[in-house]
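Trainee: I have a structure I would like to understand better, so I am pasting it below and will then ask my questions one at a time.
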Amino acid sequence: MTDKPLQSAVRTVWWAEDAQGAAVCLLDQTQLPQAVHYLYLHHEQEVAEAITSLKVRGAPAIGVTAAFGMALAAYRFLHTHDETVPISQLYTHVQESGKMLARARPTAVNLFWAIERMQRRADQLYHAQVTAVTMTRELQREAQAIADEDAAACLQMGINGATLIHDGDTLLTHCNAGALATAGWGTALAPIYVAHRGGKHVHVFVDETRPVLQGARLTAWELQQEHIPLTLITDNMAGYFMQQGAIKAVFVGADRIAANGDVANKIGTYSVAVLAHVHQIPFYVVAPCSTIDLSLASGDLIPIEQRPPEEVTSIRGVELAPRGVNVANPAFDVTPHRYVSAIITERGVARPPYASVLQQMCSLSTNRRQEYAGKVDA
C-alpha cells in the first residue's frame, strides 16, 4: 500500500451548520461531468426532491441523505419553535418527515433501512422523555454515525474485494457504484481503488449505462479523478469484449439483496451477469450489509422502480425518439444468485450458498449498530 491517504477525492453528502443554520450538502450529480455544483438543502422536502430527481443516487448515499434529512427536519422544527416545545410535537414531525422521505424512491433498501434506524432512535429518545433539544442533537449524531459507518464499510469492502483483483487485470463495471454512490469510497469501485493505490495495475471497462448514463457521466469522471486507466463502452459492447477475452472480472454494486442472494441493481446488470456466466468470468457484487434485505426470500419480491419515459426518449432535453412512442423504463433488474460468484461486504466475502452466510453477516452488523444506539448524550 502506498502512503497516499486512504480517502476519496470525491465528497458526496455531508451535514453542515453555519450562521444561516443547518443544511444537508450534496454534490449535484445531474450536473456532472460538465459542472461540479454543490447543493445546500435547508428543508427536508428539498432533500426528498433531490433523491427523487437523482441529484443524489446510489443506495448507500440515498440512505445517508435520508438520515441527514430526518435530522434536518428535527433541527428545522426546533429552530422554528421555542426550545421548550413539547417533545411529542417534535417526535410527530420527525415521524412524518420519515414517511415523506420514504416515498422518494422504492427499490434501494438502504433508504428504508436508514429511515427505520432514525425512527428507532427517535422512539428511544421519546420514551426516555429527553428534551426537544436533546432529541435534535441525538438525531444529528445518529445520522452522522450512519454516514461514518458507511465510509468505514466502503474502505473495508475495498480491502476485502481487492484480494480478488490481480495485477494487470482488466475489469468491467456497470452503472456507478463509487464514491458518488456512498459517503465513502464506494462499493463496486472501492476494491478497484484499493488495488490501484496498493500498486496493482488495473484497467476498467465502463458501461455507459443507459438511459441516464451513470457510467459515462459519473463512473468515467470518478475514475479519472483517481487516474485509473479506463475505456468507456456502450452497454451492448460488453459481450464483444468478453468474447475477446479482454475482461477478467466484473464488479457491480447493489440496491437490494434478497435473503437468497438475488441482487437488484441498475437496469442492464442482469444482462452483464448472464454474459459473464456464459464466458466463465467472475461476477462480483459489492454492497454493505445494510443493502441485504432478509425480509425478502428472493429477488422476485423486490419492488422495481419505474422511471419517467422522458429519460429514454431524450438526453438532457434533446429528443431522440419520435413523439408519442410507447416507453418502458424500469430503473433496475434482478440478477439471480446463481450468476453471482461472490457478494463482498464489510463483514467479508460471501460465496454460495448465500442464505446462511448473509444471515450471519447481517446479525454481526446489527449487534454493532445496537451497541451504538444504546448511547445517549443527555
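The values are calculated or read from the model by the stated rules, or taken from the named source; none is laboratory data. Since the model is a prediction, treat every value here as computed from it, not as a measurement. Glycine gets a Cβ as well: all are built from the backbone with ideal geometry, and neighbour counts include every protein chain shown.
Trainee: Let me confirm something: among Leu125, Leu155, which residue is surrounded by fewer than 22 Cβ atoms within 10 Å (Cβ to Cβ) and over 19 Å from Val24 (Cα atoms)?
Mentor: Leu155
Trainee: Considering only the range 293-343, state which residues are over 21 Å from Thr52 (Cα atoms), in a loop (DSSP other than H, G, I, E, B) and among the β-branched types (Val, Ile, Thr).
Mentor: Within the range 293-343, Val325, Val340 meet the criteria.
Trainee: Here are some conditions: (1) surrounded by 20 or more Cβ atoms within 10 Å (Cβ to Cβ); (2) within 25 Å of Leu218 (Cα to Cα). Asp262 meets all but one. Which one does it not meet?
Mentor: Just one mismatch for Asp262, condition (2).
Trainee: Further, regarding this structure: Take Gln29 and tell me if it is at pLDDT 95 or above, of a type outside the set (D, E, K, R) and part of a loop (DSSP other than H, G, I, E, B).
Mentor: Yes; evaluated as a whole, the condition is true for this residue.
Trainee: Still on this structure, please answer the following. Starting from the range 275-293, take each residue that is in contact (Cβ under 8 Å) with a residue 24 or more places away in the chain and within 26 Å of Asp150 (Cα to Cα) and list its partners that are of a type in the set (Lys, Arg) and in a strand (DSSP E or B), counting only C-beta distances under 6 angstrom and pairs at least six apart or across chains.
Mentor: Close Cβ pairs satisfying both conditions: Asp293/Arg256.
Trainee: Next question. For the range 119-127, indicate whether the set of residues that are among the hydrophobic types (A, V, I, L, M, F, W, C) and over 17 Å from the mean Cα position of the chain (by Cα) is non-empty.
Mentor: Within the range 119-127, one or more residues are among the hydrophobic types (A, V, I, L, M, F, W, C) and over 17 Å from the mean Cα position of the chain (by Cα).
Trainee: Turning to a different aspect of this structure: If the Cβ limit is 7 Å and pairs must be 6+ apart or interchain, which residue in the range 298-322 that is closer than 11 Å to Pro211 by Cβ and at pLDDT 95 or above pairs with which residue that is of a type in the set (S, T, N, Q) and in a loop (DSSP other than H, G, I, E, B)?
Mentor: Arg307/Asn329; Pro308/Asn329; Pro309/Asn329; Glu311/Asn329; Val312/Asn329
Trainee: Exactly one condition in (1) touching a Leu at 6+ places or on another chain (Cβ under 7 Å); (2) under 20 Å from Leu54 (Cβ atoms) is not met by Gly239; state its number.
Mentor: Gly239 satisfies every listed condition except (2).
Trainee: In addition: Only one of these conditions is not met by Thr136: (1) surrounded by fewer than 17 Cβ atoms within 10 Å (Cβ to Cβ); (2) touching a residue at least 60 places away in the same chain (Cβ under 8 Å). Which number is it?
Mentor: Thr136 satisfies every listed condition except (1).
Trainee: Got a sec? Which of Leu139, Leu189, Leu171, Leu90 is of a type outside the set (Gly, Ala, Ser), more than 21 Å from Lys55 (Cβ to Cβ) and outside the structural domain of His37 (by TED's automatic domain parsing)?
Mentor: Going through Leu139, Leu189, Leu171, Leu90 in turn, just one is of a type outside the set (Gly, Ala, Ser), more than 21 Å from Lys55 (Cβ to Cβ) and outside the structural domain of His37 (by TED's automatic domain parsing): Leu171.
Trainee: Still on this structure: In the list Pro60, Pro106, which residue meets the criterion of being within 27 Å of Val286 (Cα to Cα) and not in a helix (DSSP H, G or I)?
Mentor: When all the criteria are applied, what remains is Pro106.
Trainee: Quick one: in the range 190-224, of everything that is surrounded by 24 or more Cβ atoms within 10 Å (Cβ to Cβ) and of a type in the set (Gly, Ala, Ser), which residue is nearest to Thr30 (Cα to Cα)?
Mentor: So, considering only residues that are surrounded by 24 or more Cβ atoms within 10 Å (Cβ to Cβ) and of a type in the set (Gly, Ala, Ser), the one nearest to Thr30 (Cα to Cα) is Gly215.
Trainee: So, Ser290, is that one surrounded by 23 or more Cβ atoms within 10 Å (Cβ to Cβ), out of contact with any strand residue (DSSP E or B) (no Cβ under 8 Å at 6 or more places or on another chain) and either among the β-branched types (Val, Ile, Thr) or farther than 25 Å from Gln31 by Cα (or both) or not?
Mentor: yes
Trainee: Which count do you get for residues in the range 37-56 that are crowded, with 22+ Cβ neighbours inside 10 Å and closer than 12 Å to Met100 by Cα?
Mentor: So the count comes out to 3.
Trainee: For the range 189-289, list the strands (runs of 3 or more DSSP E) that sit wholly inside it and hold at least 3 residues that are within 15 Å of Gly58 (Cα to Cα), basic (Lys, Arg) and modelled with pLDDT under 95; which are they?
Mentor: Output list is empty.
Trainee: A further question on this structure: Scan the range 67-86 residue by residue and report those that are farther than 28 Å from Ser290 by Cβ and aliphatic (A, V, I, L, M).
Mentor: Result: Val85, single match.
Trainee: Which residue, of Thr163, Thr187, is surrounded by fewer than 24 Cβ atoms within 10 Å (Cβ to Cβ), hydroxyl-bearing (Ser, Thr, Tyr) and within 15 Å of Phe251 (Cβ to Cβ)?
Mentor: Thr163
Trainee: Is there a residue being assigned to a helix (DSSP H, G or I) and not hydrophobic (A, V, I, L, M, F, W, C) anywhere in the range 70-78?
Mentor: Within the range 70-78 (the criterion being assigned to a helix (DSSP H, G or I) and not hydrophobic (A, V, I, L, M, F, W, C)), the answer is yes, since at least one residue qualifies.
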